[in-house]
Amino acid sequence: MLAGIVQAAQMIPRNLHAAPKSIGFTLVSGFLGSGKTTLVNHLLADPGGRRIAVLVNDFGAINIDAALVSSRDRETISLTNGCACCTLAGGLTRALIDLAQLPDPPEAIVLEASGVAEPHGILQVALANPALRLDSVLTLVDAETIRVQMQDPALRPTMERQLHAADIVVLNKIDLITQPERAQLRAWITAEFPGARVAETVHAQLPACVALGVGGGHLDLSAVPQVSAVHHDAAQFRSWSFSGDAPLDAIHVERLAQTLCAAVIRAKGILCLAQDPEHYTVLQLVGRRWILDRGERRAPTATRSDLVVIGLADRVDYEELRRCVQTCAMA
């Protein structure tokens with residue numbers, strides 16, 4: 001793995017066509033049979049308006065539905081017969097360089113890792129490419145078999161590393177277990193792997209707005225200010241949005257990011273902070289990670305802020321969230 005990281009750093013050219021951190025990188029991890037390929041196929045079918053490139057890695061040939069791939073204007077690259085974090089580090093690095101050098105690079109790259117891959121090693125190799133920014137690590141688990149698999153001493157270390165790396169644990173195949181078993185399994189994951197958010201799915205149907213992040217880069221900064229809560233098509237998720245013209249206080253925004261409840265899975269915003277009048281500030285939160293980055297320059301009169309939050313419909317106090325955001329604006 002260390003050799004792969006060194007190799008990656010040596011291969012990357014000094015100047016890439018894609019701007020630094022302009023391409024979101026999502027790692028789809030999880031043990032064999034957990035539903036990773038199914039999730040990737042869903043994203044290819046409905047990428048939420050994003051131009052995505054998919055890299056597929058496993059120890060054998062991976063079959064992505066050829067009709068599905070060829071019918072859409074996206075890049076799909078297979079990395080086979082090895083692991084992206086070790087023997088295929090050079091191939092992964094080359095594939096990422098090629099994507100970053102395209103005249104019109106993708107907005108997002110999704111890597112489906114081998115079922116036995118080490119997520120941290122893949123991230124270190126991939127993020128050596130300066131054009132990439134880490135969007136999220138999704139770790140899928142088979143709800144029906146996870147507890148039995150974790151009792152196997154030969155499997156447990158690999159699965160633990162995958163789960164510890166997760167921003168979002170995708171608890172898949174929940175239709176195969178009872179409601180009490182679902183509650184017990186969620187409680188076990190929360191206790192064993194604190195900090196990761198849990199999303200329950202059937203057939204790995206995770207919405208693109210959760211898997212690939214909130215489309216903050218496409219937020220309309222000229223629309224009428226409003227505060228709204230909108231149900232997503234997937235019943236368990238709820239999307240809440242805020243728009244306002246009053247500059248926000250940076251300290252209160254940081255406190256908001258730190259204290260967002262555990263049910264919040266995604267948040268992204270383009271914010272006007274009173275402490276930085278010359279630039280917008282981009283808030284990105286995925287799972288347990290959040291960051292505030294300086295964004296584009298703004299005119300002195302352009303004080304609009306837009307924020308989108310996605311959480312579990314029955315576990316987020318959206319009224320309290322509204323009050324917290326208003327406190328940022330009132331500071």
Item to complete: Would you mind computing, in nm to one decimal, how far apart the modelled labels at GLN184 and CYS324 are, each placed 7 Å from Cα along Cα→Cβ?
Response: 3.2 nm
Fill in: Volume of the Cα convex hull of the range 104-173, divided per residue and given in Å³
94 Å³
Worksheet item: According to a simple spin-label model (label point 7 Å from Cα along Cα-to-Cβ), what is the distance in nm between GLU160 and LEU102?
Response: 3.9 nm
Fill in: Restricting the range 241-331 to trypsin sites (Lys or Arg not before Pro) in coil, as DSSP defines it, with at most 16 other Cβ within 10 Å
ARG288, ARG315
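Each reported figure results from applying straightforward, stated rules to the coordinates on display, with no laboratory input. This is a predicted model, so every value here is computed, not measured. All Cβ positions, even for glycine, are placed from backbone atoms using ideal geometry, and neighbour counts span all protein chains on display.
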